[in-house]
Each structure stands twice: as structure tokens, then as C-alpha cells.
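Engineer: I'd like to ask you about the structure that follows.
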């Protein structure tokens, strides 16, 4: 009996026990589906993050008065925040806010070959109206200067950018994001929105430009923005208390030099003593992408644990089924040995059966996992993702599961005495 004969006989036996095989394949497929599905969803999220932050450039950085953190609520009547390292800080201990005068002084005196912008958030979850049409209350209003668009990775699709007089006078003019324009003006937004008067948070603004779409993302609503002059901040009810300085360098190689010169200049503007630490924070544009991607990477371990636990259960179930199969086919094993079959032929047959069942489970699990994971990708508007490395890992794991689950039943079948096996009832 050749290896091919053993394989064909094993495949025939697997095919003849459809219910038993189907249940075992389903258990293994569920474990692989959980693993591949979660990994595929994580890959989709990573892709969405990279697309969201890539437009900001890797040669840009911001100067803020404190590190960006996740708000965690209140404690003992004082607002506290939790950083990504889990450290708590009271707001009274944070650096002083960056004033408009400090930001303007920095922009005037920063001589490094880079583009500098001053901006701050004027409002969040703002509703916009135009002739009875309105947006959902989720738009963000930013006050910036003539460099804001370029430094933050936007491009103007129609209309014009801010001029010097627009910034200095604080005119009620604005640039609007693609989604805002679509909701207010319909599909003909580029032709209709420029020079129209819209209501932004109850204030009237003339649209001077339409921003090109930066793409939808579950993490950043970059197409739902309204940008006006930073001198308009007093007209909004709850603007940010601190300005942000954005710097766009000429290349990645010059980034560290630009950060060093910017830090030295801003320390002097903030009148920081040489022995004092910085009372502001310099953040690279890819910081948040790295933070989120690092967090998502930690979820991968949890996904592996879920799949491993399920596969351990599947391996135990597969071993039990193979032991039942050995008992049911004891006479068949005796007949094979009686006509000249060797122990290794019997061993091969049962190992082939175990691995066929396991690999069938891997096949169905991988297909279902990729499909389920990409359903999440549809929500994030990312492309079709296939985690090939984890697909290969899943196949290897299932092969090992099938091998491990089949070794003991195969050895038990191979050790059967042919005479005793033929008399088995």
C-alpha cells in the first residue's frame, strides 16, 4: 500500500462520515474564523489609521502647551487626565497655555526653512445651515492662518485660500470640508458653495473655498471641518484656551533639526530658565497613528488567545472522534494487516484523516474570517484586506492540530494485533 493509497482511503472515510466530519470541521473553522476575523479587522483599522494620518506628512510637528491625552473624568472636584502611560496629572500642574502673542512671535522669528501655522479649535460638534439644509452637529470649527491648509495636509478644490487681510481683520470668511459642502449644497458643491453665506454655530460666514476630500475615516472626521481666521475666536462661545503651532519641514531628514531649533526658540519666548524643563510639548504628526497602531497590536495577542483556546478544544474533540473511528474500524485494520499492510500504512491512514479534517476546518475558517473581518473594513471604507502572514500561520497551526490529535489514535490503530482485530465485535 503506497502513501497515495493511504491518502485516498483516508479521504474516502472522511467523506463517508459527513455529520461527524462536519461537526469537527465547524469547531476548527470557528476557532480559525475568530483568529483571522479579528486580525483582518485590526489590519483594516491599521490601514484606515495610516490613510488618515499619512496626509499630515511625516515631516510635520506641532507645539502644544501639554501632551494630548485621553480625558478620564473628574476626581476630588479637580479635573484629571490619563496619559497613554497611565500617569495622572492635575491641570494646575500642567504648562501654561500658549497665547496668541506667543504663537505670533514664534511664527515671526522662526527662521528654519519650514512653513509655520497658527491655529486653535474654536468649536466642536457644530451645526451648519444653508437655506433650510443643515449638517449633523458633528462638524469641527478651526481658526487658522494662511498656512493652515498646507501644514495640515489639506488642498483647496475650488475657490481661494485666506489672504493677509482676511487673517488680520478677522473677516467672517471660511473654508469648508467636502462633507459639509455636500450636505449643504448637494452633489454640485464645487460650483455652488463659493461666495455663499452659511450659518456656522449661529454665526454667518461667507464661503471662499472648498477643501478637497481627504477620505472618510472612523478615527478622524477630516471632511467635516470649517476653517476660518484665528482672529474670529472671540465670536464663538467655547473656544480652546490655547493656541497650537504647526510646523511643516522641507523633508524628513531636516525634521529633528527643525524640532531642535523650534524648541530653543519657544523656550526663549516662554522665558524658560536653562535649568527648567520645557513647559510645552512638541508632538510629531504621526504620534497618534503610532499610539493607536500600538494599541491595536496589543489586541492581536488577545485574538491569538481566543483562537488558541478554541483550537485546543477542537483538537480534543478531533482526537476523541479519531479514537471512535479506530474502534469502529478495528476489523478493517485487521484486514489491512492480514493482506500484507504494514503498521506504518495504518498509521498514515489515520494521520491523513485527522489532517484532512483539520485542514478543511482551516480552509473554511480562513475564508469566513477574511469575509467577516472585511465587513468591518467596509464600515471604515478601506480596501479588501487579507492578512497573508496570519493565513499561513492558521494553516500551519491547523496542520499541527491535526497531527497532534491524530498521533495517539494512529499509534493505537497501528499496534492492533491483526488476529484479534479480525475477531473484534
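The values are calculated or read from the model by the stated rules, or taken from the named source; none is laboratory data. Given the structure is predicted, the values throughout are model-derived calculations rather than measurements. All Cβ positions, glycine included, derive from the backbone under ideal geometry; neighbour counts span all protein chains shown.
Listed here are the residues, each with its yes/no results for (1) out of contact with any strand residue (DSSP E or B) (no Cβ under 7 Å at 6 or more places or on another chain); (2) in a helix (DSSP H, G or I); (3) in contact (Cβ under 8 Å) with a residue 12 or more places away in the chain.
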| residue | (1), (2), (3) |
| --- | --- |
| 186 | yes, yes, no |
| 194 | no, no, yes |
| 222 | yes, no, yes |
| 246 | no, no, yes |
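Engineer: May I pose another question? Would it be correct to say that residue 241 is under 30 Å from residue 108 (Cα atoms) and either part of a helix (DSSP H, G or I) or more than 27 Å from the chain's Cα centre (by Cα) (or both)?
Structural biologist: When the stated conditions are applied, residue 241 passes them.
Engineer: Which residues, counting only those in the stretch 248-269, are closer than 22 Å to residue 144 by Cβ and in a loop (DSSP other than H, G, I, E, B)?
Structural biologist: Applying the first criterion (closer than 22 Å to residue 144 by Cβ) to the stretch 248-269 yields 248-250, 255, 258-259, 262, 265-266, 269.
The one that is closer than 22 Å to residue 144 by Cβ and in a loop (DSSP other than H, G, I, E, B): 250.
Engineer: Return the pair list, or none, for Cβ contacts closer than 8 Å from residues in the stretch 111-133 that are in the same structural domain as residue 206 (by TED's automatic domain parsing) and without any contact (Cβ under 8 Å) to a residue 24 or more places away in the chain to residues that are surrounded by fewer than 20 Cβ atoms within 10 Å (Cβ to Cβ) and part of a loop (DSSP other than H, G, I, E, B), at least 6 apart or on different chains.
Structural biologist: These pairs meet every condition: 125/137; 125/138.
Engineer: Just to be sure, is residue 201 touching a strand residue (DSSP E or B) at 6+ places or on another chain (Cβ under 6 Å) and touching a residue at least 12 places away in the same chain (Cβ under 8 Å)?
Structural biologist: yes
Engineer: Ok, one more. Considering only residues that are under 21 Å from residue 404 (Cβ atoms) and touching a helix residue (DSSP H, G or I) at 6+ places or on another chain (Cβ under 6 Å), look in the stretch 322-332 and name the one that is surrounded by the most Cβ atoms within 10 Å (Cβ to Cβ).
Structural biologist: It comes out as 322.
Engineer: From the set of residues in the stretch 175-192 that are closer than 13 Å to residue 211 by Cβ and modelled with pLDDT under 75, which is surrounded by the fewest Cβ atoms within 10 Å (Cβ to Cβ)? Quick ask: steps written out before the conclusion?
Structural biologist: To start, the set of residues in the stretch 175-192 that are closer than 13 Å to residue 211 by Cβ comprises 175-182, 189-190.
Retained after the next criterion (residues that are modelled with pLDDT under 75): 189-190.
Details: 189: 21, 190: 16.
Selected residue: 190.
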